[in-house]
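Structure first, commentary second.
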Amino acid sequence: MNIIDQPNPADTASRHSVFAGGATSTLDKLNRPLRDLRLSVIDQCNFRCTYCMPRDTFGADYRFLPSSERLSFEQIVKLAKAFALLGVEKIRITGGEPLLRRGLESLIEQLAKLTTASGKPMELALTTNGSLLAAKARSLRDAGLGRVTVSLDAVDDAVFRRMSDVDMPVSRILDGIEAAREVGLAPIKVNAVIERGVNDSQILPLVRLFKGTGVTVRFIEYMDVGGAGGWSNTKVITARETRDIVASAFPLVPVVVHEQMGTAVNYRHADGAGEVGFIASVSQPFCGSCSRARVSADGQLFSCLFATHGTDLRPWLAETASVEQLAGAVRSRWIQRDDRYSELRSTPRRPASGKAYPTVRMSLVGG
Ligand code: SAM
Ligand code: SF4
Ligand code: SF4
């Protein structure tokens, strides 16, 4: 399919004119296809991770989106269909904490029925803090969810509580991971953000806990995204440093890939007991292969995690606009995309304050 212009949402005459048969790739200005969609279904969260939603900013008087401003499931499904037309093959549901969105299973049921432009089933994944996963793993799987990624930054209770700023034992998250494993929401990934002096003590315990379980731990560099008010580059432990720490206790062998598609560089345990991933989003950015679009819970399209503003898709989410017209609007934005913030981060174009850049909030747009 090839969308040839951006339609006016009110112009129903152009309804069928936006597509003509052909390619299913939508390329941006740097020739990057649109392949992944991160859909945020809610901006609220029951955690206050210090690197994402610090309590002094996201306190009792913080104004989250009222539910009336969130996209309805019908609108989200319409969005997913439009992105599928443009070549998206994988949808990740995120937030805020996506499992706080009431009735999420019914959305998943509808998204799971979608196919990609080339006729394959749409890959459907979810990123969660895991706190509600034990209760929901089975219903999510039954609804058609494929995979789950759980964010967990510590094994030690005190470190976990400090970092997520929530009164909850780590065991609750571990129970969630176990429940996901039992119902076959696999392969399960555990993402850990490592902040120097805060949870670097947890690198080896995390690897030890999941080694040989089939769960892949991936370490993420602490990023200067919106929300991370306390960020400074001195708090970043690079993927290379983390890998050296892991390798000092667990012999690792690089996993050879023909083409780096995902964000993580994986190593396997030399004794065959699974893999560990390292995501060098700050020290070795992967903008060159970034095929991700993000849509916030209120229908703003973001072409980069570090974007300062989005494109409002709501006019095309109205009933008067077709899926093709919505796809046309997304395509118009994508073909203009030249974001590569992380690659430019260390160049003189960016003020060298060493502080976080005032981007959109991670909890609104999803990680
Ligand atoms: N609440 C869910 C969760 O925590 O998995 C989904 C949303 S959360 C915004 C998605 C991911 O963003 C999490 O894995 C989280 O660790 C990551 N994240 C948030 N702020 C970050 C930061 N400053 N640097 C790196 N990763 C961050
Ligand atoms: Fe909530 Fe996830 Fe952000 Fe933590 S990282 S505050 S769990 S949205
Ligand atoms: Fe993609 Fe922007 Fe991150 Fe680069 S900085 S990898 S373009 S989201």
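The values are calculated or read from the model by the stated rules, or taken from the named source; none is laboratory data. A quick note: this is a predicted structure, and the numbers were derived from the prediction, not measured. Neighbour counts run over all protein chains shown; Cβ positions are idealised from the backbone, glycine included. Just the protein is used for accessible areas: all its heavy atoms, side chains included, with ligands, DNA and RNA removed. Shrake-Rupley method; radii C 1.70, N 1.55, O 1.52, S 1.80 Å.
For the listed residue pairs 81/120; 78/120; 29/78; 136/189; 90/113, the alpha carbons are over 23 angstrom apart in 29/78.
Extension gain, residue 25-residue 240: 0.36 nm per intervening residue step, less the Cα-Cα distance, totals 74.0 nm. In terms of the mean number of neighbouring beta-carbon atoms within 10 Å, the peptides 99-109, 72-82 order highest first as 72-82, 99-109.
Leaving ligands, DNA and RNA out of it, rank 276, 198 by accessible area with a 1.4 Å probe, largest first.
Working: 276 5, 198 45 Å².
Listed by decreasing accessible area, they come as 198, 276.
The modelled label-to-label distance between residue 115 and residue 139, using points 7 Å beyond Cα along the C-beta direction, is 3.0 nm. In the chain, the calculated helix contribution to ellipticity at 222 nm averages -7500 deg cm²/dmol per residue, counting -39,500 (n - 2.57) for every DSSP H run with n ≥ 4.
Using a 1.4 Å probe on the protein chains only, how many percent of the accessible area of the chain belongs to carbon and sulfur?
Here carbon and sulfur together make up 51 percent of the probe-accessible area.
Rolled with a 1.4 Å probe across the full set of protein chains, the surface gives residue 323 an accessible area near 40 Å². Rolling a 1.4 angstrom probe over the protein heavy atoms with all chains in place gives region 13-365 an accessible area of 42 Å² per residue. Computed with a 1.4 Å probe over protein heavy atoms only, the accessible area of residue 361 comes to about 60 Å².
Rounded to the nearest 10 square angstrom, residue 45 shows an accessible area of 30 square angstrom against a 1.4 Å probe. Within region 13-365, DSSP assigns beta bridges of which about 35% are antiparallel (rounded to the nearest 5). Computed over region 13-365, the quotient of the alpha carbon radius of gyration and 2.2 N^0.38 Å is 0.97. Annotation: lysines with alpha-carbon distance below 18 angstrom to residue 235 (same-chain offsets under eight excluded): 355.
Using 1/(1 + (r/R0)^6) with R0 = 22 angstrom and r between the beta carbons of residue 60 and residue 102, what's the FRET efficiency to the nearest 0.05?
After rounding to 0.05, the efficiency reads 0.55.
Ordering 269, 309 by accessible surface, largest first, gives 309, 269; the 1.4 Å probe counts only protein heavy atoms, with every chain in place. Once both labels are positioned 7 Å from their Cα atoms along Cα-to-Cβ, the gap between residue 318 and residue 273 label points is 6.0 nm.
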